[in-house]
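In what follows, a structure is listed as structure tokens, so that the remarks can point back to it.
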Amino acid sequence: MILSYEGTDITDEVTVSRCVYEACEIGRVPWLSVEFDDAAGLWDKWGPQPGERIAVVEEGIAATGAMYVDKVEPQSGGYAIHATAMPIADARAVREWRDTTLLTVAGQLSTVLGLGFESHGCDDMAIAYARQDDEGAAAVLSRLAVVSGCTLDVYDGRLHLCSRGWVESRTAVGTVALGEESDYAYSRKAPFASCTVSQPATADASGLMEECGEGEPRLAVVLDKSIALPGSAELRRACSGVLAHENARRSAGYVRGSSLSPYSPGSVCVVSCEKTPSISGRSVVTRVRNDFAEQSSKTWWRTL
């Protein structure tokens with residue numbers, strides 16, 4: 001494990017007792033928690049400050065990318081540092097957009113958070129109205145990702161907006177083998193077969209309702225007034241996006257490992273399970289927690 005701070009390798013200067021990194025595909029900002037002894041007084045001299053960069057790498061296996069300190073707590077003989085993938089704190093704010101697009105709003109909010117922005121396989125989406133209502137920018141980005149059929153990932157100073165189709169069509173990058181002794185679990189609920197999304201009439205958009213899919217169980221969703229779409233085509237896309245998002249949440253598994261996970265949220269892998277063959281096959285990793293100090297991991301996935 002290599003621990004660097006502001007670009008300087010400090011691995012041999014401190015004794016790390018805790019080093020945990022977690023990332024999730026949507027709705028949560030990746031975080032890093034590091035605790036270490038500082039017998040030589042290195043950090044007392046350095047004076048760590050919020051916003052400074054910290055990163056952890058296990059060569060050829062796993063890496064956190066640049067993380068940004070948001071909390072520093074002195075401890076007896078050392079420090080506890082908490083960092084997130086966003087260089088600028090996600091402060092609560094009120095913003096409005098009218099007659100804009102998905103990629104425009106996502107790009108602007110990425111800048112607000114100090115991040116670069118990339119989209120992958122995302123067709124732009126017309127938006128009649130969007131509002132950030134005394135909340136963080138991440139909440140707005142999460143809502144837009146759901147209605148547009150996308151997922152979010154923040155890594156190494158960049159926000160990635162990825163269409164679900166793009167993510168799921170990628171080549172598998174490895175295999176997760178679940179043997180008889182593996183510590184794993186999988187839960188699968190029946191997916192929604194269809195969805196209805198309705199939008200109340202506002203000053204910015206007409207009242208609309210669209211359906212996608214057929215049969216039961218049916219999911220019914222009413223968009224709140226924080227977002228309004230200008231026409232039926234956009235609402236049909238929102239219907240498909242909401243349905244895909246909710247169904248993705250109804251199928252999930254995890255496995256604990258005695259080594260670090262090489263995957264990141266959005267990675268496609270092949271799950272191979274001896275005991276329960278029905279959960280084997282192409283899967284998407286949705287969340288990863290790597291414990292660099294203990295050299296262990298917990299990886300969540302959903303089957304495709």
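Worth pointing out:
- In the range 4-24, residue modelled with the highest pLDDT [restricted to those that are among the acidic types (Asp, Glu) and not in a strand (DSSP E or B)]: 6
- Subset of the range 95-113 (residues that are over 17 Å from the mean Cα position of the chain (by Cα) and either β-branched (Val, Ile, Thr) or not in a strand (DSSP E or B) (or both)): 100, 101, 102, 103, 104, 105, 108, 111, 112
- Some residue of the range 36-49 being closer than 26 Å to residue 153 by Cα and touching a residue at least 24 places away in the same chain (Cβ under 8 Å): no
- Residue 220, sole failed condition from (1) part of a strand (DSSP E or B); (2) touching a residue at least 60 places away in the same chain (Cβ under 8 Å); (3) closer than 30 Å to residue 133 by Cα: (2)
- Test result for residue 106, of a type in the set (A, V, I, L, M, F, W, C), over 20 Å from residue 236 (Cβ atoms) and in contact with a Gly (Cβ under 8 Å, 6 or more places away or on another chain): no
Okay, residues lined up against (1) in contact with a Gly (Cβ under 9 Å, 6 or more places away or on another chain); (2) surrounded by 15 or more Cβ atoms within 10 Å (Cβ to Cβ); (3) on the phi > 0 side of the Ramachandran plot:
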site: 144; (1), (2), (3): no, yes, no
site: 167; (1), (2), (3): yes, yes, no
site: 201; (1), (2), (3): yes, no, no
site: 218; (1), (2), (3): no, no, no
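- Residue 194 passes every criterion in (1) of a type in the set (Ser, Thr, Tyr); (2) under 30 Å from residue 277 (Cβ atoms); (3) at pLDDT below 95 apart from (3).
- Identity of the residue in the range 105-140, farther than 19 Å from residue 205 by Cα and polar (S, T, N, Q), that ends up surrounded by the most Cβ atoms within 10 Å (Cβ to Cβ): 110
- Unique residue being among the charged types (D, E, K, R) and touching a helix residue (DSSP H, G or I) at 6+ places or on another chain (Cβ under 8 Å) when the list is 143, 164: 164
- Condition check for residue 125 on (1) in the same structural domain as residue 22 (by TED's automatic domain parsing); (2) in contact (Cβ under 8 Å) with a residue 60 or more places away in the chain; (3) over 21 Å from residue 289 (Cβ atoms): one failure, at (1).
- The criterion of at least 3 residues that are of a type in the set (A, V, I, L, M) is met by the following strands (runs of 3 or more DSSP E) wholly inside the range 156-213: 175-178.
- Members of the range 31-71 that are surrounded by fewer than 16 Cβ atoms within 10 Å (Cβ to Cβ), under 22 Å from the mean Cα position of the chain (by Cα) and basic (Lys, Arg): 71
The values are calculated or read from the model by the stated rules, or taken from the named source; none is laboratory data. Here the structure is a predicted model, which means the values were calculated and not measured. Please note: Cβ atoms are built from the backbone with ideal geometry, for glycine as well, and neighbour counts cover all protein chains shown.
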